[in-house]
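First up is the structure itself, then whatever we jot down about it.
The values are calculated or read from the model by the stated rules, or taken from the named source; none is laboratory data. Worth saying up front: this structure is predicted, and the values here are computed from it rather than measured. Neighbour counts are summed over all protein chains in view; Cβ atoms, including those assigned to glycine, are modelled from backbone coordinates with ideal geometry. For the accessible areas, the whole protein counts, side chains as well, though only heavy atoms, and no ligand, DNA or RNA atoms are used. Shrake-Rupley method; radii C 1.70, N 1.55, O 1.52, S 1.80 Å.
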Amino acid sequence: MKPRAAVFKFASCDGCQLQFLNAEDELLKLAGQVDFVYFPEARSRALEGPYDIAFVEGSITTPDDARRIIKVREESHYLATIGACATAGGIQALRNWADVEQYRRVTYPSPEFISTLSTSTPISEHVRVDCEVWGCPVDQHQLLAVVRSLLSKARPVLPAYSVCMDCKRRGNVCVVVARGAPCLGPVTRTGCGALCPAFNRGCYGCFGPADDQNMESFARLLASQGVTGDDAVRRLRGINGYVRPWRETADAIAADKK
Amino acid sequence: MPSRRTKSRTIRVNYLTRAEGEAALRIHLRDGALIELRLEIFEPPRFFEAFLRGRDSREAPDLTARICGICPVAYQMSTVHAFEGLYGLTIDPAVRELRRLYLCGEWIESHALHIHMLAAPDFLGCDSIITLADRNREAVERGLRIKKIGNAIVAALGGRSVHPVGACIGGFTRVPRRDQLADLREQLLRVRDDAVECVRWVSHFDLPAVTRDIEFVSLRHPDEYPMNEGRMASSKGIDASPDAFDDFFEEHQVPYSNALHCKVKGRGPYFLGPLARVNLNLDRMGPEVTSVARETGIPWPNSNPYTGIVARALEVLYAIDEAVRVLDAYQPPPAPAASFEVRSGVGRAITEAPRGSLYHAFETNERGLIHSARIVPPTSQNQARIEADLRALAPDFIQRSLAEATHMCEVAIRNYDPCISCSTHFLKLEIERH
């Protein structure tokens, strides 16, 4: 029996689940190994749970979704979050520092029609998560590696060291050393293949915090580059801004300023 | 479920599948007459226009890309063009050409995705590309080959196909050398026959023959098929600069949807996307694509939304030819990006996303921080038009089973390749019949 897999969407851009469909060379093979019984973006027929593997994209931002994720967890033997939204709250977690009433008024002429929570939170704040796949978007090779591990009943292991390591391996010129460009690479988890430095720009943290990051030292590095105050806060409060180490550092810088 | 009290009936599609994002449809019929029809977009709002306030304009292309994982390039392009207008930048012609190539990549991958994975199963009685592959593996493999080259173009210029990193205000952070693009050219030439075959394949689908009164809207450019530049044009006479967007179009909110509706002021719904672009710009597609378009036997221009899938396939072919043209002529620009000074002001731009015109307007302060942002995605603009098409279908529902009616609605909606994540500000079908 092929494992029954499901892909669930919460507040997100669809880019992470798209990575399954973007696996052009492996898609039909993948479909031979895993039965995506619930994948609304790709399939009209939706089968009921329980599911062996649930891939969850998106963050929790509405009262309905806060209830729905609990049902998803109950129906799923193994639950993996895919992407920055599901794993860290996503870019939409910027509301967590703002007045959501004001956000509603800015975006909608009749804000009263809109049902939303005041926060955007990662799945792990609501239910137990078995595996977190980071990235904005998730890397297709990491995603398929997780699927292969699960098919062989092994626990998926993804690298958690910093972008700097892969940046060196790739032979990029360090944008911090050579150009003084602000770069989140030293504190960001690998997975993208050190793309931004290869494109002559600093990393902006799509893959969330590395395990071995030193935020205190990193804040000093930013300051030494002249990135302080609001500018430093903005750099940290990005795609994965709500994840604890980055949130705490940005909050401290913001408090210092006051 | 339909309630069969007296002659009343509700049709409800709780979750529109094979579309990007979350939406529902509710239709209420009494004695065969349509009482109410609403397309409910319940995709949760992410408040981009609100959190962009106070962010640095230079971060904006990375942030607006996150509105949509399917068409991040179009978001980046509308954003950078808006700021380039605001900062008074002149863009190097080679950069301009690379941006066309970049958008060609996105059109190819997004259109190939929609044709093969989302729409084709409707016409061939399948529930997904996987079951379609059991029936017609050749067509599916062909589609995947086409899609792959689109992704490869975007990755060549931006590092990856979803949320690429290379675009910035002024140009790109890195531009390729000519030799780095040679392989791309070879791959494009290999899928060109696939793209022609794809046009023939979709034009033989059993497409419903309808004609509707539709106002088609897209950009139009004096000498090329519209992508990143041009004037707003419509089949009912609009001809204006994108700066005048608000003079011609208005957004309003409906209580049942997280997406704002748009109308042409004083007229009504309008239609964006490949069919609008082909209808308004067939004379800019070049003789070879035009001749393939004529061979389909479908009249162009036409007012049948179901021919949208053929228009989409024609654009894939166009984008392949256009990409090859750009690659053949390519010489790297002197600098990857123009340098600039930030300033306060207002910038507006429209580019042609795969699903249609995408309008951005930004206001900055003197430090280049965003004071206000407005983003009007194509699906949100198409929403009222989708509802109008569904209303036109409603009289047929009376003799149909719930499953048939639902399928009809879904096919009609997919004509627009709705990208609900973008517009969340999108489908559940609920038809209530009395």
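Ranked highest first by average number of other Cβ atoms within 10 Å, how do A:153-159, A:134-140 line up?
A:134-140, A:153-159
Please give, to one decimal in nm, the separation of the simple spin-label points placed at B:Glu36 and A:Arg68, each 7 Å out from Cα toward the Cβ.
So the two model labels end up 2.1 nm from each other.
Using r as the Cβ-Cβ distance of A:Glu26 and A:Ser217, and R0 as 35 Å, what FRET efficiency do you calculate, to the nearest 0.05?
0.30
As a test of the definition: with a 1.4 Å probe, what buried accessible area, both sides summed, do you compute for A against B, in Å² to the nearest 100?
Looking at A and B, the buried total is near 5300 Å².
Give, in nm to one decimal, the length gained when the segment between B:Phe205 and B:Glu138 is fully stretched (0.36 nm per residue of separation minus the Cα-Cα distance).
22.5 nm
With each pseudo-label sitting 7 Å past Cα toward Cβ, what's the A:Met1-A:Val157 distance in nm, one decimal?
3.0 nm
Would you tally the net charge around A:Val106, using a Cβ to Cβ cut-off of less than 9 Å, leaving A:Val106 out, and scoring K and R as +1, D and E as -1?
Net of charged neighbours comes to +2.
Return, for the Cα atoms of chain B, the radius of gyration and Dmax in Å, separated by a comma.
21.3, 74
If we count every other residue with Cβ under 15 angstrom of B:Phe249's Cβ, Lys/Arg +1 and Asp/Glu -1, where does the sum land?
Here the count lands on +1.
If I take every Cα pair under 8 Å that is 6 or more residues apart in segment A:55-95, average their sequence separation and divide by the length, what percent do I get for the relative contact order?
57 percent
Mean separation of Cα pairs under 8 Å and 6+ residues apart, divided by the residue count of chain A: what relative contact order is that in percent?
Dividing the mean separation by the residue count of chain A yields 17 percent.
What does the net charge come to around B:Pro222 if you take all other residues with beta carbon closer than 14 Å to its beta carbon, with K and R at +1 and D and E at -1?
Neighbour charge sum, excluding B:Pro222 itself: -2.
Given a 1.4 Å probe, how much area per residue of segment A:163-257 is accessible, in Å²?
It amounts to 43 Å² per residue over segment A:163-257.
Only loop residues by DSSP count here, and only those with at most 14 other Cβ atoms within 10 Å; note down the GluC sites (Glu not before Pro) in segment A:44-144 that meet that.
Passing both the DSSP loop test and the Cβ count: A:Glu48.
With θ set to phi - 60°, apply the Karplus curve 6.51 cos²θ - 1.76 cosθ + 1.60 along segment A:60-69 and write out the HN-Hα couplings as whole Hz, x wherever there is a Gly or Pro.
9, 10, 10, x, 4, 5, 5, 6, 5, 5
Which cross-chain or sequence-distant (5 or more) residues have an amide H under 5 Å from the amide H of A:Val7, H modelled 1.01 Å from N in plane?
Amide H neighbours of A:Val7: A:Tyr38, A:Phe39, A:Phe55.
Take the alpha carbon gyration tensor of segment A:21-180, find the square roots of its eigenvalues, order them as a ≥ b ≥ c, and report rounded if a/c is under 1.5; if not, report prolate when a/b exceeds b/c, else oblate.
In terms of gyration-tensor shape, oblate.
Across peptide B:51-59, how many C-beta atoms of other chains are within 10 Å of each residue C-beta, on average?
4
Modelled label-to-label distance, A:Lys257 and A:His141, 7 Å Cα→beta-carbon offset: nm?
3.8 nm
Which FRET efficiency, nearest 0.05, do B:Glu363 and B:Asp127 yield, Cβ-Cβ r, R0 51 Å?
0.65
Using Cα pairs under 8 angstrom and six or more residues apart, how large is the relative contact order of segment B:48-382, in percent?
Across segment B:48-382, relative contact order equals 28 percent.
Sum -39500 (n - 2.57) across every DSSP H segment of at least 4 residues in chain A, then divide by the residue count to get the 222 nm mean residue ellipticity, nearest 500.
Here the helix-only value at 222 nm equals -10500 deg cm²/dmol.
Running Debye on segment A:163-257 with equal point scatterers at the Cα sites and no solvent, what base-10 log of I(q)/I(0) appears at q = 0.18 Å⁻¹?
Per q value, in the given order, log10 I(q)/I(0) is -0.74.
Tilt of helix A:244-257 relative to the longest C-alpha principal axis of chain A, in degrees (0 to 90, nearest 10)?
Compared with the principal axis, the helix lies near 30 degrees.
Accessible area per residue, 1.4 Å probe, Å², for segment B:48-382: what's the number?
Per-residue value: 32 Å².
Hey, what angle do you get for helix A:140-151 against the long axis of chain A, alpha-carbon based, 0 to 90 degrees rounded to 10?
The answer is roughly 40 degrees.
Helix A:215-224 against the longest principal axis of chain A: what's the angle in degrees, Cα atoms only, rounded to the nearest 10?
Helix A:215-224 sits roughly 50 degrees off the main axis of chain A.
How would you order B:399-407, B:360-368 from highest to lowest mean count of nearby Cβ atoms within 10 Å?
Descending packing order for the listed peptides: B:360-368, B:399-407.
Taking a ≥ b ≥ c as the square roots of the Cα gyration tensor eigenvalues, with a/c under 1.5 meaning rounded and otherwise prolate when a/b beats b/c, else oblate, which class fits the protein assembly as shown?
It is rounded, given that a/c, with a ≥ b ≥ c, falls under 1.5.
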